[in-house]
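The values are calculated or read from the model by the stated rules, or taken from the named source; none is laboratory data. Note that the structure is predicted; figures quoted are calculated from it, not measured. Positions of Cβ are generated from backbone atoms using ideal geometry, with glycine treated the same way; all protein chains shown enter the neighbour counts. The accessibility values were calculated without ligands, DNA or RNA, using every heavy atom of the protein model including side chains. Shrake-Rupley method; radii C 1.70, N 1.55, O 1.52, S 1.80 Å.
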Amino acid sequence: MNHKRNPVKMIHSEMEQLRTIRGDKNALKQYWEKRYTDTYRELFSDRSELGRYGVIAEYILRIVRRGSILDVGCGPGILAELIQSSSLSYTGIDIAGEAISMARKNHPQIKENFICTPLDAFHSNTRFEAIVANEILYYIDPDIFFRDCKRLLAPNGHLVVSLYDFDEGRKLIPVATGYLTDPFRVEVFNQDKSLRWQIIAGKFNINP
């Protein structure tokens, strides 16, 4: 018998729960610590996620090409795995300590590059050539997020945003696009086409 959870039902349930705690960092942290259980380990190992991560990685490797990358909401470090052989320097942050533990276990050679912190509490002397926001904008205040992008990105730095293409995600697509110069946009499906993502990327415009 197949005990895998339906990813569509999982995501819809997740969105409903997170609407009630959006912007509450303590509640969000508690929520994600609980969610990074065996269920999420199974989901992240599913091949259906590879298309989305593949597009993000290709944009970073072909367009950004060099410099420092900040992966916000890095989870277990999937993006780090896809770009690890390049000349890029990778930093991943996540609000969930369990996610960071998984990432450090998956990537012991760069374990110090994974940091448990929300974005607005993250400080670095590095200015990043790209920031990746992979499935996080629904859970935080977008205005604060874009303010932090302005603070952390290098001049002409890139922003890459991935959003599920329904409800909350659709509302945020034009918001994210408005911060980008000459934005690139592509739709990506999972393996059985039950899920669709919108990926938007481009140079960050500090005065949208």
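Before moving on, here are some points about what is shown:
- Solvent exposure of residue 14, expressed as accessible area, is near 10 Å², computed with a probe of 1.4 Å over the protein chains only.
- For the stretch 142-151, the Karplus equation 6.51 cos²θ - 1.76 cosθ + 1.60, evaluated at θ = phi - 60°, returns couplings of x, 4, 5, 4, 5, 4, 5, 4, 4, 6 Hz by residue, with Gly and Pro reported as x.
- Percent of Cα pairs exceeding the 15 Å cut-off, where the set is the stretch 59-164: 59
- Taking all Cα-Cα distances within the stretch 156-208, those exceeding 15 Å account for 44%.
- When the square roots of the Cα gyration tensor eigenvalues are ordered a ≥ b ≥ c, the ratio a/c for the stretch 94-155 is 1.5 or more and a/b does not exceed b/c, which makes its shape oblate.
- Dipole magnitude for the chain: about 220 debye, using +1 per Lys or Arg Cβ and -1 per Asp or Glu Cβ, origin at the Cα centre.
- For the chain, the solvent-accessible area with a 1.4 angstrom probe is 51 square angstrom per residue.
- Solvent-accessible surface (1.4 angstrom probe) belonging to residue 50, in square angstrom, nearest 10: 100
- When both bridge partners sit in the stretch 131-208, DSSP labels roughly 80% of those beta bridges antiparallel.
- With every protein chain in place, the chain: carbon and sulfur % of accessible area (1.4 Å): 49
- Proximity of backbone amide H atoms, modeled 1.01 Å from N, is registered between residue 92 and 71, 114, 115 at under 5 Å, excluding neighbours fewer than 5 places apart on the same chain.
- Spin-label pair residue 126/residue 144, simplified geometry with 7 Å Cα→Cβ offset, distance in nm: 2.4
- Along the stretch 166-175 the Karplus relation, 6.51 cos²θ - 1.76 cosθ + 1.60 evaluated at θ = phi - 60°, assigns HN-Hα couplings of 6, 6, 4, x, 4, 5, 8, 4, x, 5 Hz to successive residues, with x for each Gly and Pro.
- When the surface is traced with a 1.4 Å probe over the full set of protein chains, residue 34 keeps roughly 150 Å² accessible.
- For the set 126, 91, 181, solvent exposure ranked by accessible area (probe 1.4 Å, protein chains only) runs largest to smallest as 181, 126, 91.
- Fraction of beta bridges assigned by DSSP in the chain that are antiparallel (%, nearest 5): 45
- Three-way shape label, the chain, alpha-carbon gyration tensor, a/c 1.5: rounded
- A 1.4 Å probe over all protein chains sorts 197, 32 by accessible area into 32, 197, starting with the largest.
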